[in-house]
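Novice: Below is a structure I'd like to ask you about.
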Amino acid sequence: MARGIPIRVLLIEDDADLLESLTRELAERDRGLGEFRVSCIRAAQDAESALDMLKGWRPDIALVDNLLPGMTGTDFVKKLRELDIHIPVLIMSSELTEERHAVRALNTGANEFVRKPFGFQELRAKLVAHLREYMNSEFVILRIGDYEFLPGQLRLVSGEGRSEHITSREAKILKFLYMAKGETVDRGELLRQVWNYSPNVHTHTLETHIYRLRQKIEANPRDTRHIKTSNGGYRLEV
């Protein structure tokens with residue numbers, strides 16, 4: 001199983017060569033994005049096409065050129081925020097002498113203004129920084145199989161659109177397992193992180209919460225697909 005927190009990236013750039021280079025760089029698994037793993041990249045050469053993509057698909061971060069044909073990158077960000085989409089957006093621009101463009105982009109809701117030309121190492125570092133911040137925000141959407149997990153709203157949404165409420169404890173457990181990137185988290189660590197219990201405390205509290213989570217997220221709780229019991233703890237397969 002591939003390790004790392006899976007993320008979806010949206011690229012919007014009208015320069016075909018740069019778009020290809022960005023796609024290739026981000027797809028290189030050995031270079032990576034820190035603890036993140038790019039699971040999907042979608043690319044567009046204009047903002048209108050990108051907005052069409054968003055009707056049935058949601059990225060975790062977007063890298064957008066500002067000088068696009070038709071709608072500018074800044075206007076694209078404004079449209080995203082009007083649609084209540086709060087993913088991090090980095091605006092790219094070669095307008096080196098125009099500070100007002102950067103100010104407008106940031107005031108519209110962009111997270112960062114990246115000036116061209118830039119190095120890919122620097123760009124990856126900026127993407128990682130914004131992804132880490134997003135993962136701890138109230139807006140983050142985490143995907144587990146066919147489910148969308150919205151920890152800030154204490155909700156699980158199925159692929160059919162059915163919304164299931166989860167408790168704050170269940171959300172903490174699920175997010176901690178998610179952030180472990182597929183590694184096993186032992187029972188004592190979960191008790192410390194979620195309840196602040198001593199590892200020597202013996203309780204069925206954790207098992208009860210895992211049981212309830214499985215009832216909500218597993219198609220067959222007796223044959224678990226996502227929340228696995230493993231080596232004295234639990235791991236999450238997404």
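Novice: Estimate the FRET efficiency between ASN220 and CYS40 by the formula 1/(1 + (r/R0)^6), using the beta-carbon distance for r and 41 Å for R0, to the nearest 0.05.
Specialist: On the way: r = 27 Å, r/R0 = 0.66.
Approximately 0.95, to the nearest 0.05.
Novice: In the P(r) worked out for the stretch 1-116, what percent of Cα pairs fall beyond 25 Å? Provide the component values of the computation, followed by the final result.
Specialist: Numbers: 1344 of 6670 pairs.
Result for the distance tail: 20 percent.
Novice: Hey, another quick one. With 5 Å bins from zero, work out the P(r) of the chain over every alpha carbon pair and list the percent per bin.
Specialist: 1, 6, 13, 16, 17, 14, 11, 8, 7, 4, 2, 1, 0
Novice: Mind ranking ARG212, ARG169 by accessible surface for me, highest first, 1.4 Å probe?
Specialist: Working: ARG212 120, ARG169 85 Å².
Correct descending sequence by accessible area is ARG212, ARG169.
Novice: Ignoring ligands and nucleic acids, what accessible area does ASP60 show with a 1.4 Å probe (Å², nearest 10)?
Specialist: About 0 Å², ignoring ligands and nucleic acids.
Novice: Roughly speaking, to the nearest percent, how much of the chain's 1.4 Å accessible area is carbon and sulfur? Don't skip to the answer; put the middle values down first.
Specialist: Values: 5490 of 12230 Å².
Here carbon and sulfur together make up 45 percent of the probe-accessible area.
Novice: Accessible area of SER21, 1.4 Å probe, to the nearest 10 Å²?
Specialist: 30
Novice: Quick check for you: with a 1.4 Å probe and neighbouring chains kept, what is the accessible area per residue of the chain, in Å²? Mind dumping the intermediate values first?
Specialist: On the way: 12230 Å² over 238 residues.
The answer is 51 Å² per residue.
Novice: What distance in nm separates the two pseudo spin-label positions at GLU99 and SER137, each 7 Å out from Cα along the beta-carbon direction?
Specialist: 2.6
Novice: Can you tell me the equivalent ellipsoid semi-axes for the stretch 180-238? Use √(5λ) from the Cα gyration tensor, largest first, whole Å. It would help to have the intermediate numbers written out before the result.
Specialist: Details: eigenvalues 82, 35, 16 Å².
After scaling each eigenvalue by five and taking roots: 20, 13, 9 Å.
Novice: Can you tell me the relative contact order of the chain? Whole percent, Cα pairs under 8 Å, sequence separation 6 or more. Show your work: numbers first, answer last.
Specialist: Values: 353 pairs, mean separation 32.6, N = 238.
Normalised by residue count, the contact order of the chain is 14 percent.
Novice: Roughly how much of GLU207 is accessible, in Å² to the nearest 10, using a 1.4 Å probe?
Specialist: Using a 1.4 Å probe on the heavy atoms, I get roughly 60 Å².
The values are calculated or read from the model by the stated rules, or taken from the named source; none is laboratory data. Because the structure is predicted, anything quoted here is derived from the model rather than measured. For neighbour counting, all protein chains shown are included, and Cβ atoms are generated from backbone atoms with ideal geometry for every residue, glycine included. For accessibility, only protein heavy atoms count, side chains too; no ligands or nucleic acids. Shrake-Rupley method; radii C 1.70, N 1.55, O 1.52, S 1.80 Å.
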